[in-house]
Amino acid sequence: MIINFMFNIIDFDKEQIIEKLIFKNINVMNKILVLSLLSLGLSVGVSAQKTQEQMNKEYGEQYRAIGQDRTLSGQEKGRKKRELSAKQREDNRAYNEAYRQKNGYSKDDRKQQIENRIDNLEKKYENDKKQIDNNKSLSDSQRKTQKEALKKNYKSQKEALKKEKDKY
């Protein structure tokens, strides 16, 4: 009813107005489609997050670009680098928090756990070595072979823990 009233007031052809409305709706729908595709693209980027190492490499490139920009004064470079540093800290904190929520621990926590295991392994090695030395029922050659086997086992376990730590 309102549309008919508008058609009567405005002396346009009904078909022209309907075509214009349809064209505007198509433009609006296209814009919505483009925006939804962009938001999907952004959400895919967020869900398939970069590793923290990749993120920090990109920040390094930005720091270099700021340092090499000849149009900026020293103070401006310093200000921009401080702003970038604050953003990097925030991104790293958010990444660590997301990692903690996903895995139940942060990378730093996991590294610390592995370091503690390495320390415990070293203590155990030293105690086992003392026990072999204090065992008087063994001959010197038996002590030597047991110490060598113990040392070999210790080194392989320590190397495995170091590799695991390097993953984080």
_Tell me the residue from Lys111, Lys87 that is open to solvent by 60 Å² or more (accessible area, probe 1.4 Å), among the basic types (Lys, Arg) and within 30 Å of Lys162 (Cα to Cα), please._
Lys111
*Within region 118-168, which residues are surrounded by 11 or more Cβ atoms within 10 Å (Cβ to Cβ) and not in a helix (DSSP H, G or I)?*
Asn135, Leu138, Tyr168
_Go through (1) in contact (Cβ under 8 Å) with a residue 12 or more places away in the chain; (2) touching a helix residue (DSSP H, G or I) at 6+ places or on another chain (Cβ under 9 Å); (3) of a type outside the set (D, E, K, R) for Thr51 and report which single condition fails._
(1)
*Filtered residues of region 72-103 (kept if under 18 Å from Lys50 (Cα atoms) and among the basic types (Lys, Arg))*: Lys87, Arg89, Arg93, Arg100, Lys102
*Of the residues that sit in region 86-144 and are of a type in the set (Val, Ile, Thr) and within 20 Å of Tyr168 (Cα to Cα), which one is nearest to the chain's Cα centre (by Cα)?*
Ile114
_Breaking point among (1) touching an Asp or Glu at 6+ places or on another chain (Cβ under 9 Å); (2) within 30 Å of Asn153 (Cβ to Cβ); (3) among the hydroxyl-bearing types (Ser, Thr, Tyr), for Ser139_ = (1)
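The values are calculated or read from the model by the stated rules, or taken from the named source; none is laboratory data. Owing to the predicted nature of the structure, the values given are computational and were not obtained by experimental measurement. Cβ coordinates were reconstructed from backbone atoms using ideal geometry, including for glycine residues, and neighbour counts include every protein chain displayed. Quick note on the areas: whole protein, heavy atoms, side chains included, nothing else; ligands and nucleic acids left out. Shrake-Rupley method; radii C 1.70, N 1.55, O 1.52, S 1.80 Å.
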